[in-house]
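The values are calculated or read from the model by the stated rules, or taken from the named source; none is laboratory data. A quick note: this is a predicted structure, and the numbers were derived from the prediction, not measured. Using ideal geometry, Cβ is built from the backbone for each residue, glycine included, and neighbour counts are taken over all protein chains shown.
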Amino acid sequence: MPPSLFPAASALVGVLLDRLLGEPRRWHPLVGFGRLADAAERCFRTGAPGHPLGNRISGLAAWLMIVTPFVVLAAWFAHPVLDALLLWLALGGKSLGEHARAIAVPLAAGDLATARASLGLIVSRDTTQLDETGVATAAVESVLENGNDAVFGALFWFFVAGGAGALLFRLANTLDAMWGYRDARRVYFGWAAARSDDVLNFVPARLTALTYALLGRTRDALACWRTQAPRWSSPNAGPVMAAGAGALKVGLGGTASYHGAIEERPRLGSGAAPTVVDIGRAVALVERGQWLWLAVFVAGSVFFA
């Protein structure tokens, strides 16, 4: 095999490992990284929230200290086998589908309590009072948004920088999930983690939105992306969720409860509220997009080889 085809082969193997094995059930490296992140926060953060500038600088220093060495080592020891393994660990496509099915199956069977509990494992909002429509809506939103975080973002950075790129994206995304909250404890300390995730996600999020549009109701998706995404609070989640809602022709957004506070979010999409069937449709949209990206990358690699 020509060396120029090694990245395509590594990408194919990494995706297949994720589809076949999913995320490691035991000894997942990200569990250890999470513990390292907790230790770094205890060492670097001073106060809650502490000094605005001081804790921002501390958060940036902590981010660089625990991310940079792993990414540099991955780049230094780059090898097709290692790149495939790193992509596998960075992807979460199978896990995303499993979480979605854990919501959809009991919801379809009328077991609302179990569906709420399963939903609560993947979203930060309060799920205990949601009705069937609320559960389906939150599940579709989570699948569409995490399609970017768990699949397309990792693939994009792998295509750009190999296994080191996929690792950089996954570690940055993990730290954003741990430190990026605007609560009293991390509003300043988590600033660098949140901003780095925004930067790394800027291009992948828009390519994800375009993918949803191409594989769904294209005209609706593009219209929703153009008119509705700017209203969403997140600059990257807005395009992804607006285009995804339009592609599926469902209505998302609206009222949600986060840690006891009611938040009115802009409406997204162009159809009725999702049902349990739309959870599966959202998963299928992400999966088709993943294979499309992989096919384009492999075909491009073969062509230029």
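When the test is whether a residue is over 24 Å from L200 (Cα atoms), touching a residue at least 12 places away in the same chain (Cβ under 8 Å) and among the hydrophobic types (A, V, I, L, M, F, W, C), A48 passes it.
So, L285, is that one in contact with a Gly (Cβ under 8 Å, 6 or more places away or on another chain) and crowded, with 16+ Cβ neighbours inside 10 Å or not? Steps first, answer last, please.
Details: in contact with a Gly (Cβ under 8 Å, 6 or more places away or on another chain): yes; crowded, with 16+ Cβ neighbours inside 10 Å: yes.
Criteria met by L285.
Only helices (runs of 4 or more DSSP H) whose full extent lies in region 63-171 are considered here, and the ones with at least 1 residues that are crowded, with 24+ Cβ neighbours inside 10 Å and touching a residue at least 40 places away in the same chain (Cβ under 8 Å) are 80-90, 93-108, 132-147. Taken as a whole, the structure leaves S196 outside the set of residues that are closer than 27 Å to A166 by Cα and out of contact with any helix residue (DSSP H, G or I) (no Cβ under 9 Å at 6 or more places or on another chain). Whether a residue is in a loop (DSSP other than H, G, I, E, B) and either of a type in the set (K, R) or over 21 Å from A193 (Cα atoms) (or both) was assessed, and R35 does not pass this test.
Taken over region 227-273, the residue count meeting the criterion of being among the aliphatic types (A, V, I, L, M), assigned to a strand (DSSP E or B) and either free of Cβ contacts under 8 Å to residues at least 60 places away in the same chain or more than 21 Å from D176 (Cβ to Cβ) (or both) is 4.
Could you look through region 230-261, keep only residues that are over 21 Å from I279 (Cα atoms) and hydrophobic (A, V, I, L, M, F, W, C), and pick out the one that is surrounded by the fewest Cβ atoms within 10 Å (Cβ to Cβ)? Selected residue: A261.
Among the residues of region 98-133, how many are of a type in the set (K, R) and within 18 Å of A284 (Cβ to Cβ)? So that I can check it myself, show each step before the final result.
We begin by selecting, within region 98-133, every residue of a type in the set (K, R); these are 101, 116, 125.
Of the ones still in play, those that are also within 18 Å of A284 (Cβ to Cβ) are 101.
Matching residues across region 98-133 total 1.
Take the conditions (1) hydrophobic (A, V, I, L, M, F, W, C); (2) closer than 24 Å to G134 by Cβ; (3) modelled with pLDDT of 90 or more; A256 misses just one of them, which is (3). Taken over region 274-305, the criterion of being more than 26 Å from P204 (Cα to Cα), in a helix (DSSP H, G or I) and touching a residue at least 24 places away in the same chain (Cβ under 8 Å) is satisfied by V276 alone. Of all the residues in region 85-114, those that are out of contact with any Leu (no Cβ under 7 Å at 6 or more places or on another chain) and under 18 Å from L155 (Cβ atoms) number 10.
Condition first: assigned to a helix (DSSP H, G or I) and either crowded, with 24+ Cβ neighbours inside 10 Å or touching a residue at least 24 places away in the same chain (Cβ under 8 Å) (or both). Now tell me which residues in region 172-188 satisfy that. A172, N173, T174, L175, M178, W179, listed by residue number. Is it the case that region 109-128 has a residue that's in contact with a strand residue (DSSP E or B) (Cβ under 6 Å, 6 or more places away or on another chain) and of a type in the set (K, R)? Yes: one or more hits.
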